[in-house]
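Report on the structure given below.
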Amino acid sequence: MAIQLTAPLSTEEARKLRSGDSVLLTGTIYTARDAAHKRLCELVAEGKELPFDVKDAIIYFVGPTPAKEGQAIGSAGPTTSYRMDAYSPILIKEGLTGMIGKGKRGPEVVAAMQEHGAVYFGAIGGCGALLSNCIKKAEIVCYEDLGAEAVRRLEVEDFPVVVIIDSEGNNLYESGRKAYLESI
Amino acid sequence: MREIQAKELTAVIRRLCIEANCHLPGDVKERICACRGEEPWDQAKEILDRIIENFEIADRRDQPICQDTGVACVFLKIGQELHIEGDLTEAVNEGVRQGYTEGYLRKSVVADPLRRVNTGDNTPAMIYTELVPGDKLEITVAPKGFGSENMSQIKMLRPSDGIEGVKDFVCKVVEEAGPNPCPPIVVGVGIGGTFDKAAYLAKKALMRSVDERHPDPFYAELEEELLRRINALGIGPQGFGGKTTALAVNVEYFPTHIAGLPVAVNINCHVTRHKTEVL
């Protein structure tokens, strides 16, 4: 049975989630991938204000295809998360509580998640057409010059994710594979 | 000698870019469904169901299967009795430009790997040409996503490493990639040639149907054994555990130097896209 969650996500709620939990997310989340993360972290380094409030925010690592007429967004599945590993700890320290992506994360990200109380969610990679059904609204917040990599504010409804790494560092990639191998 | 205008290619490339991105090839669909039937692990079954639902939606709506609509890899088999009048490279790039712009596909190419400014129209294409007998032109467009491309590796093995060295390297690449390339994956393996030729063979191997084994029984057996070993790793769909880690392993080989055994592994995700047309 999936847990219903509303974004933004408080640290307290983030800490309650456990690796393996299925979650349906509703509310406001932000998109950012490589180029946008680089700019956001440069702003943090310069002590400048960020273009959106990262406190309690969830960032979705995605660069969608362009929307056709009548669509809120084009196909919008997750991109591989490790490329954001250099940046995520900086944003977690600024109050980010959730990330949505796919694939492994480095120990520096997991340590920041444990220290500050954040979770790493996975959405199904390569299912961009299906996932776009759950995105009801998309608008550009900043960095329009980056095209698909611009930061967008998304309104999502029952967006399906699973907790891959929780705030205690438990990891579904390790436990899921181990459980399967023990079952055969 | 038969003659065609280079610009005739533009409309074909445009259409192939859009169709390849929105409609998964039948062999890949069937293989995913067959693996769903044989998958014993509950979470893996659920993920495969979502993957099937996703390509059905993409078919119905003519929508990209995945948001990473890739860099356009264009394979041209050019008959040596055919003369192409005009600028072939520009005709291909114009087709990519039109396909990606008018087809609502993502523009994912930067003009320079270090200065990283997006070209805005997904050009240039990666063009691979091969001369073949005859007067036809075979065009294959294969949009290649980089989640899986980034997990690919090449290694110059020693001849003494032999077939066991090749098998171990292929499995090591898949193991290290883990959940990153969106399993279930298709694994392209290139063995022999030179450093660059092996990589090309690995990419070319991904163009072959997942149902078609290598015509040489020795390599067909190698493909089957590699698939068994990879699917025993337990990585599973999306890396959450399960039997279905790879849909197929396709191997291509080429003669090589007495001192060498190059091996390249090019990984593709479950959205293994390619579409071919002959002019």
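The values are calculated or read from the model by the stated rules, or taken from the named source; none is laboratory data. All of these numbers come straight from a predicted model, not from anything done at the bench. FYI the Cβ positions are ideal-geometry reconstructions off the backbone, even for glycines, and counts take in every protein chain you see.
Restricting to the stretch A:135-145, give me the number of residues that are in contact with a strand residue (DSSP E or B) (Cβ under 6 Å, 6 or more places away or on another chain) and either surrounded by fewer than 13 Cβ atoms within 10 Å (Cβ to Cβ) or closer than 14 Å to A:A67 by Cα (or both). Can you show your working first?
Here is the first cut: in the stretch A:135-145, the residues in contact with a strand residue (DSSP E or B) (Cβ under 6 Å, 6 or more places away or on another chain) are A:135-143.
Filter again for either surrounded by fewer than 13 Cβ atoms within 10 Å (Cβ to Cβ) or closer than 14 Å to A:A67 by Cα (or both), leaving A:135-140.
Within the stretch A:135-145, residues that are in contact with a strand residue (DSSP E or B) (Cβ under 6 Å, 6 or more places away or on another chain) and either surrounded by fewer than 13 Cβ atoms within 10 Å (Cβ to Cβ) or closer than 14 Å to A:A67 by Cα (or both) number 6.
So is B:R158 at pLDDT 95 or above, over 20 Å from B:R229 (Cβ atoms), exposed (fewer than 14 other Cβ atoms within 10 Å of the Cβ) and more than 13 Å from chain A (Cβ to nearest Cβ) or not? When the stated conditions are applied, B:R158 passes them. When B:G193, B:G234, B:G188, B:G239 are screened for being surrounded by 20 or more Cβ atoms within 10 Å (Cβ to Cβ) and free of Cβ contacts under 8 Å to residues at least 60 places away in the same chain, only B:G234 passes.
Screening B:Y200, B:Y219 for residues that are away from chain A (no Cβ under 14 Å), buried (at least 17 other Cβ atoms within 10 Å of the Cβ), free of Cβ contacts under 8 Å to residues at least 60 places away in the same chain and outside any strand (DSSP E or B) leaves exactly one candidate, B:Y219.
Return the residue satisfying two criteria in turn: it lies in the stretch B:247-269 and is within 14 Å of chain A (Cβ to nearest Cβ) and either out of contact with any Cys (no Cβ under 6 Å at 6 or more places or on another chain) or of a type in the set (F, W, Y) (or both), and of such residues it is surrounded by the most Cβ atoms within 10 Å (Cβ to Cβ).
Here the residue is B:N268.
The residue of the stretch A:79-123 that is farthest from the chain's Cα centre (by Cα), among those that are within 18 Å of A:E155 (Cβ to Cβ) and within 14 Å of chain B (Cβ to nearest Cβ), is A:A123.
Facing another protein chain (nearest Cβ under 9 Å), surrounded by fewer than 23 Cβ atoms within 10 Å (Cβ to Cβ), part of a loop (DSSP other than H, G, I, E, B) and touching a residue at least 40 places away in the same chain (Cβ under 8 Å) - does that describe any residue in the stretch B:2-19? Lay out the reasoning, then the answer.
Here is the first cut: in the stretch B:2-19, the residues facing another protein chain (nearest Cβ under 9 Å) are none.
Checked against the condition, which is being facing another protein chain (nearest Cβ under 9 Å), surrounded by fewer than 23 Cβ atoms within 10 Å (Cβ to Cβ), part of a loop (DSSP other than H, G, I, E, B) and touching a residue at least 40 places away in the same chain (Cβ under 8 Å), the stretch B:2-19 yields no hits at all.
For the stretch B:60-67, state whether one or more residues are of a type in the set (A, V, I, L, M), in contact (Cβ under 8 Å) with a residue 40 or more places away in the chain and more than 13 Å from every other protein chain (Cβ to nearest Cβ). Before you say what the answer is, go through the steps one by one.
Initial filter on the stretch B:60-67 (of a type in the set (A, V, I, L, M)): B:65.
Still in the running and in contact (Cβ under 8 Å) with a residue 40 or more places away in the chain: B:65.
Add one more test, that the residue is more than 13 Å from every other protein chain (Cβ to nearest Cβ), and what stays is none.
Checking the stretch B:60-67: not a single residue is of a type in the set (A, V, I, L, M), in contact (Cβ under 8 Å) with a residue 40 or more places away in the chain and more than 13 Å from every other protein chain (Cβ to nearest Cβ).
Among the residues making up the stretch A:24-42, a single one is more than 14 Å from chain B (Cβ to nearest Cβ), surrounded by 21 or more Cβ atoms within 10 Å (Cβ to Cβ) and β-branched (V, I, T): A:I29.
Within the stretch A:143-179, the set of residues being facing chain B (nearest Cβ under 8 Å) and of a type in the set (K, R) comprises A:R177, A:K178. Looking across A:I165, A:I92, one residue alone is of a type in the set (V, I, T) and under 23 Å from B:I51 (Cα atoms). It is A:I165. A:A2 meets all of the listed conditions (1) buried (at least 16 other Cβ atoms within 10 Å of the Cβ); (2) within 14 Å of another protein chain (Cβ to nearest Cβ); (3) among the aliphatic types (A, V, I, L, M) but one, namely (1). Taking the stretch B:85-192 as the region of interest, the helices (runs of 4 or more DSSP H) fully inside it that hold 3 or more residues being within 30 Å of A:G122 (Cα to Cα) are B:146-149, B:162-177.
For A:K93, state whether it is surrounded by fewer than 24 Cβ atoms within 10 Å (Cβ to Cβ), among the charged types (D, E, K, R) and more than 18 Å from B:G147 (Cα to Cα). In short, yes.
For the stretch A:1-52, the set of residues classified as under 15 Å from the mean Cα position of the chain (by Cα) and free of Cβ contacts under 8 Å to residues at least 40 places away in the same chain consists of A:L5, A:T6, listed by residue number. Against the definition (in a loop (DSSP other than H, G, I, E, B) and either in contact with a strand residue (DSSP E or B) (Cβ under 9 Å, 6 or more places away or on another chain) or closer than 30 Å to B:D59 by Cβ (or both)), how does A:S167 come out, yes or no? Criteria met by A:S167.
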